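The values are calculated or read from the model by the stated rules, or taken from the named source; none is laboratory data. Every value quoted in this text rests on a predicted model; they were computed, and no experiment measured them. Here the Cβ positions follow ideal geometry from the backbone for every residue, glycine too, while neighbour counts run over all protein chains shown.
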Amino acid sequence: MMAETSFRNRRILVVDDEERMVRFIRLNLEHDGFQVIEAFRGAQALDKLRSALPDLIILDVMMPDIDGFEVLRNIRENNSTPVIMLTAKGEEDDRVHGLELGADDYITKPFSPRELVSRVRAVLRRAEMGGGGGGSMHGLIEVDDHLKLDFDRHEIWLNGKLVNLRPTEYRMLYYLVQNAGWVVSHDQILVNVWGYEYRDQPHYVRLYINYLREKLEKDPANPQYILTERGVGYRFVDFRREKPSSL
């Protein structure tokens, strides 16, 4: 397994109360050129986050002192370090809850070394991309009188108020606006927002479309910006030709 040179020596904080699991993850990540910081309790993880400044965190949900969800809440209060949650097989509620709290991805136990490294690389690549997606969207974009987008400043304004988007929400919005007026498929969104490794995870798209609609649409059930093309994908309204009706 060949490491991506750009990710060599990146610091990964691994948090799990099972020492065997931490050792398994550490050996495989170190083999791929990463540096690994270990933590076996939630409180210890928060201390290591402040002292070691990791580039990414792998965080188990089930821990004895502070569970992974509470640790994630603490992290997201003032830190945007990418987080991959470790969840038990079949625990879909845990995966959805983690994403809702701001996790960037999850890995279901048991997992292979190849899947582990692939997910870590993909999340680091997305974190490096920020919202840019190629950087071709510049200047202030006035979708209508209510919604204004400034991708140079990474700012989204709705009715004069700054909207707080998580990094993945921002990347998805950028991609949709970049293709305004065109229908983009679930697969296209997955590959361009998450990466090629995620082409078999369509639920990611549905979940984050809902997040964006909750933050941008007056009536998320009847969206005027992010439109559904049933059986195909989604389309951001072509504001250059058609103005959304008044909100």
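Structure summary
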quantity: Selected residue (only one of L86, L59, L49 is at pLDDT below 95 and buried (at least 22 other Cβ atoms within 10 Å of the Cβ)); calculated: L86
quantity: Region 191-234: number of residues that are buried (at least 18 other Cβ atoms within 10 Å of the Cβ) and either in contact with a Phe, Trp or Tyr (Cβ under 7 Å, 6 or more places away or on another chain) or modelled with pLDDT under 85 (or both); calculated: 11
quantity: Pair list, Cβ < 7 Å and 6+ apart or interchain, from region 49-76 residues that are more than 18 Å from A88 (Cα to Cα) and in the same structural domain as L29 (by TED's automatic domain parsing) to residues that are in a helix (DSSP H, G or I) and modelled with pLDDT of 95 or more; calculated: none
quantity: Answer residue from region 235-247, given it is over 20 Å from S185 (Cα atoms) and out of contact with any Lys or Arg (no Cβ under 9 Å at 6 or more places or on another chain) and is modelled with the lowest pLDDT among those; calculated: S246
